[in-house]
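Working notes, structure below.
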Amino acid sequence: MNRLEVLDKGYVILHDVMGSDLTVVNSARVSYDKKSESLTEGDRRLIAFLAREGHTSPFRHSTLQFEVYSPLMVARQHFKYIVGSSIAEATGDNMDAWNESSRRYVTEEPTFYLPQPDEWRSAPESSKQGSGDIVPYVIGKAAWLRLMDQIDSDYANYKWALEHGICAEQARLFLPAYGMYVRYYWTASLQSVAHFVNQRLADDAQVEIQAYARAVLELAREHFPASIDALVTEAGVRK
Ligand SMILES: Cc1cc2nc3c(=O)[nH]c(=O)nc-3n(C[C@H](O)[C@H](O)[C@H](O)COP(=O)(O)OP(=O)(O)OC[C@H]3O[C@@H](n4cnc5c(N)ncnc54)[C@H](O)[C@@H]3O)c2cc1C
């Protein structure tokens, strides 16, 4: 399994992986000229020690390449991870650039995140949280209908602009951007992936990006079970 569905229309795909838990162990042991062929209990203890003591360089010899389809508001938060990360359309090569489907050139049908009536959250009690409990159904239903109406009307204006010869890079101004899905590639070291997951699984992260962090965690864990276990906890708090 290399693809997980997220939110109403999004997904995370793990396209490529370089390395494994053994890569972490062997890069740490190179200074002793030692190499493991398969992961032993001692190797697992070494991985836990490295994570616990903050000896992070062995976690940077492994790389994961993801394709993400998320609302723009999630992508903006994701793009903040710049150390050991690259978000590149093809191979994620230069570690300092990212690319997404920007709608300057692509006029594929836009897709929007539309929370269901029972998914609208209240304003938070604590200013450190982004949102609180689910609002009453009647409010959620009204929000759902209003957002749907807005998307329909903005989309009609977008189509009108394209049909009247306006370029795609300006026609997109009509689209409601925060909830519009964008597609991008994210290539990152194992350490950077764990850093993202730790921060964005935490309670103070926006619920929508928590869902993406859970998908990234699940996909990464299949390839790096010992390292992920050492670097990340389910709550997103480092052990
Ligand atoms: C709950 C939450 C709310 C947020 N709210 C906002 C907000 O309102 N506005 C906003 O702009 N951002 C916000 N952010 C984003 C946040 O400020 C970070 O940009 C983002 O979380 C990426 O983390 P980072 O900087 O550690 O990642 P990276 O930039 O990828 O850095 C990874 C790590 O590398 C090290 N590092 C990076 N740069 C240097 C350096 N120059 N020197 C030495 N070490 C370095 C640090 O240890 C750092 O943690 C929020 C993040 C969270 C989790």
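Expected output is a single nm value to one decimal: the length gained when fully extending between SER57 and THR40, i.e. 0.36 nm times separation in residues minus the C-alpha distance. What is it? Working shown, then result.
Values: separation 17, 0.36 × 17 = 6.12 nm, distance 2.05 nm.
Full extension from SER57 to THR40 adds 4.1 nm.
What dipole magnitude, in Debye to the nearest 20, does the range 117-174 give about its Cα centre under +1 on Lys/Arg Cβ and -1 on Asp/Glu Cβ? List each step's numbers first, then the result.
On the way: 6 positive and 9 negative charges, 19 e Å.
Rounded to the nearest 20 debye, it is 80 debye.
Let me know the charge dipole size of the chain about its Cα centre in debye, to the nearest 20, where only the beta-carbon of Lys, Arg (+1) and Asp, Glu (-1) is charged.
Working: 25 positive and 32 negative charges, 116 e Å.
Rounded to the nearest 20 debye, it is 560 debye.
Which value in nm describes the separation of the simple spin-label points at ILE82 and ARG3, placed 7 Å from the Cα toward the beta carbon?
That separation, rounded to one decimal, is 3.3 nm.
Is the C-alpha gyration tensor of the range 117-174 telling us rounded, prolate or oblate? Criteria: a/c under 1.5 is rounded; beyond that, a/b larger than b/c is prolate, otherwise oblate.
Judged from the Cα gyration tensor, the range 117-174 comes out oblate (a/c at least 1.5, b/c at or above a/b).
Under 16 Å Cα to Cα from LYS35, which aspartates and glutamates show up? Leave out anything in the same chain fewer than 8 places away.
Answer for LYS35, where 16 Å is the Cα cut-off: ASP21, ASP43, listed by chain and number.
Taking 0.36 nm per residue of separation and subtracting the Cα-Cα distance, what length does fully extending SER126 through MET18 add?
That pair, SER126 and MET18, stretches by 34.8 nm at full extension.
If you take the beta carbon distance between GLU169 and GLU109 as r and set R0 to 22 Å, what does 1/(1 + (r/R0)^6) give as a FRET efficiency, to the nearest 0.05?
Once rounded, the FRET efficiency stands at 0.80.
If you take the square roots of the eigenvalues of the alpha-carbon gyration tensor of the range 131-239 and sort them as a ≥ b ≥ c, do you get rounded (a/c under 1.5), prolate (a/b over b/c) or oblate?
Numbers: a/c = 4.12, a/b = 1.73, b/c = 2.38.
It comes out oblate by the Cα gyration axes.
Quick check: at a probe of 1.4 Å, how many percent of the accessible area of the chain sits on carbon and sulfur atoms?
52
Which order do ILE151, ILE139 take when ranked by solvent-accessible area (1.4 Å probe, heavy atoms of all protein chains), largest first?
Most to least solvent-accessible, the answer reads ILE139, ILE151.
Place the peptides 114-121, 44-51 in order of packing, highest mean first, counting for every residue the other Cβ atoms within 10 Å and averaging per peptide. Working shown, then result.
Details: 114-121: 15.1, 44-51: 18.8.
Per-residue mean Cβ counts within 10 Å order the peptides as 44-51, 114-121.
Apply the Karplus parameterisation 6.51 cos²θ - 1.76 cosθ + 1.60, with θ equal to phi minus 60°, to every residue of the range 132-149 and state each ³J(HN,Hα) to the nearest whole Hz, in sequence, with x for glycine and proline.
Rounded to whole hertz, the list is x, 6, 5, 6, x, 3, 5, 6, x, 5, 5, 5, 4, 5, 5, 5, 4, 4.
Once fully extended, how much extra length lies between ALA143 and TYR155, figured as 0.36 nm per residue of separation less the alpha-carbon to alpha-carbon distance?
2.5 nm is the gain from fully extending ALA143 to TYR155.
Along the charge dipole of the chain, which of TYR181, CYS167, VAL17 sits closest to the positive end, that is, farthest toward it, with unit charges on the beta carbon of Lys, Arg, Asp and Glu (+1, +1, -1, -1)?
VAL17
State in Å² the accessible area per residue of the chain; use a 1.4 Å probe, count heavy atoms of protein chains only, and round to the nearest integer.
Value for the chain: 55 Å² per residue.
The values are calculated or read from the model by the stated rules, or taken from the named source; none is laboratory data. Predicted model only: the values in this text are computed from it and were never measured. Neighbour counts are summed over all protein chains in view; Cβ atoms, including those assigned to glycine, are modelled from backbone coordinates with ideal geometry. With ligands, DNA and RNA removed, areas are computed over all heavy atoms of the protein, side chains included. Shrake-Rupley method; radii C 1.70, N 1.55, O 1.52, S 1.80 Å.
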